[in-house]
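As structure tokens, the structure follows; a few thoughts come after it.
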Amino acid sequence: MNRQPARAAIISIPSRTLQTIDPLKDSRWESFLDRHPRSSVFHTKSWLQALQRTYGYEPIAFTTSPLGAELDNAVVFCVVKSWLVNPRLVSLPFSDHADPLVDDPADLSNLLLCLKKGRADHKWASIELRPMNAGMLFTDWADYRDEQNYALHLLDLSPNLDVLFHALQKDSIQRKVIRAKREGVTCEEGRSEAHVREFYRLTILTRRRQGLPPPPLRWYRNIMDCLGENSAIRLACKNDQPIAAILTLSYKQTLTYKYGCSDARYHRLGGMPFLLWKAIEQAKLAGDTQFDLGRSDLSNPGLITFKSRFGTVQSKLTYKVFPGHRDDRGVYSRRLKAAKRVFAILPDRMLVLAGRLLYPHIG
């Protein structure tokens with residue numbers, strides 16, 4: 001039996017009528033994503049379900065498509081709210097990017113106007129969008145400020161494997177991949193509870209080095225459960241001991257590197273370069289055409305350099321927020337540094353508890 005589209009709320013604004021739908025319930029959503037060239041794994045029902053299960057975020061999409069007709073445009077958000085923060089619209093939480101799937105600049109401009117009106121009516125405190133390239137959308141982002149800037153790293157997988165390997169930086173990537181193989185490092189792929197737990201153990205080690213709490217364990221479990229075969233954990237093992245791990249997502253012909261973690265005692269063995277190269281090899285075999293290595297904070301030049309050494313093309317990723325809080329960034333930076341000093345000395349149990357308590361409020 002075909003499911004009927006979710007009941008929509010109708011919002012009237014100049015020249016257009018926007019409707020809200022629930023992408024988890026609207027039967028048109030997945031076929032719309034299949035057709036749209038800018039859809040990504042972060043738009044899918046599976047990703048939205050993982051967010052909802054873990055953090056309780058309610059997904060909502062805005063569209064000008066009439067009820068009963070195929071969707072031809074939409075922008076999806078999650079309503080991020082808790083006892084600590086006022087409701088915010090974020091497109092999308094814990095997602096590196098999420099393009100507005102709107103091709104007509106007039107439709108997007110109307111949507112932005114609608115969202116601003118919703119804030120004026122106290123429906124939400126702020127609106128955040130994470131377009132891959134805001135300039136390509138040909139819209140007026142008036143009153144939407146550039147809140148955060150990142151580097152985005154994409155690798156074209158169309159060349160053959162020999163060409164891709166020789167594009168790797170020779171000293172820091174090629175030689176480490178070769179060394180890992182020589183040292184007997186192996187790659188184990190899976191989605192089992194054992195894989196998730198080993199990934200989480202390495203995540204705690206990594207986040208401690210970074211002075212940050214890890215996301216809740218259930219977040220990784222829900223990713224594996226909701227995305228199924230479109231998600232994978234790869235463990236680099238030395239003598240059956242996991243020394244590094246990555247979590248990747250697949251959608252259409254793009255493989256996305258979402259998370260990575262490692263045990264610093266084994267960095268000399270090249271576990272992370274080895275895993276990323278194995279992911280490239282497997283993506284080629286699967287017929288993928290792009291490897292999305294995700295975002296890097298501009299304050300982390302080491303990570304930017306590391307990803308660039310895989311032959312990636314780097315572009316600027318700018319998050320748009322209304323209203324902006326540009327004047328508060330200095331205060332935020334000082335508070336984050338102070339928090340990192342505290343997190344760095346917490347025992348593992350308290351660090352994990354901090355992540356479980358804090359992440360639902362972050363989005």
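Angle, helix 329-343 long axis vs. longest principal axis of the chain, Cα atoms, 0 to 90°, nearest 10? The helix 329-343 is inclined about 40 degrees to the chain.
A crude spin-label estimate for the pair residue 106 and residue 267, with each label 7 Å from Cα along the Cβ direction, gives 5.5 nm.
Panel order for 223, 60, 178, by other beta carbons found within 10 Å of each beta carbon, from fewest to most: 178, 60, 223. In this calculation the C-beta distance from residue 142 to residue 353 is compared with R0 = 45 Å, giving a FRET efficiency of 0.60. Within the stretch 271-321, the ratio Rg/Rh, alpha carbon atoms throughout and Rh by Kirkwood, equals 1.02. Straight-line reach from residue 316: which aspartates and glutamates have Cα under 19 Å away, leaving out those fewer than 8 places along the same chain? Those aspartates and glutamates meeting the cut-off are 96, 99, 128, 140, 146, 147, 156, 292, 297.
Panel order for 58, 193, by other beta carbons found within 10 Å of each beta carbon, from fewest to most: 193, 58. For the stretch 153-318, the antiparallel share of DSSP beta bridges with both residues in that region comes to about 90%.
As a calculated quantity, the FRET efficiency between residue 239 and residue 17 at R0 = 51 Å, using C-beta atoms, amounts to about 0.20. For residue 266, neighbours were defined as the other residues whose beta-carbon sits under 14 Å from its Cβ, and their charges (Lys and Arg +1, Asp and Glu -1) total +3. Mind pulling the angle between the C-alpha long axis of helix 348-362 and the longest principal axis of the chain? Nearest 10 degrees, somewhere in 0 to 90. That helix lies at roughly 30 degrees to the long axis. For the stretch 58-136 versus the stretch 204-252, the spacing of their alpha-carbon centroids is 28 Å. Using the alpha carbons alone, the radius of gyration of the stretch 9-143 stands to its Kirkwood radius in an Rg to Rh ratio of 0.93. Of all lysines in the structure, those lying under 30 Å Cα to Cα from residue 123, and not within fewer than 8 positions of it along the same chain, are 25, 45, 81, 320.
Measuring spread by the Cα atoms of the chain yields a radius of gyration and Dmax of 21.0, 65 Å. Between residue 170 and residue 316, full extension at 0.36 nm per residue minus the direct alpha carbon distance yields a gain of 50.0 nm. If you plug the beta carbon distance of residue 86 and residue 209 into 1/(1 + (r/R0)^6) with R0 = 41 Å, you get a FRET efficiency near 0.80.
Between residue 225 and residue 308, the simple label model (points 7 Å from Cα in the Cβ direction) yields a spacing of 4.1 nm. Packing, taken as the mean count of other beta carbons within 10 Å per residue, orders the peptides 268-278, 142-152, 99-109 from highest to lowest as 268-278, 99-109, 142-152. Considering helices alone, the calculated mean residue ellipticity of the chain at 222 nm is -11000 deg cm²/dmol, with DSSP H runs of length four and up weighted by -39500 (n - 2.57) and normalised per residue. Counting 0.36 nm for each residue step from residue 125 to residue 345 and taking away their Cα separation leaves a gain of 75.8 nm. Values of log10 I(q)/I(0) for the stretch 153-318 across q = 0.10, 0.18 Å⁻¹ run -0.34, -1.24, by the Debye formula with one identical scatterer at each alpha carbon and no solvent.
Throughout, read-outs are computed from the coordinates displayed, never taken from laboratory work. Predicted model, so just to flag it, every value in this text is computed and none were measured. Every residue, glycine among them, receives a Cβ derived from its backbone with ideal geometry; neighbour counts consider all protein chains shown.
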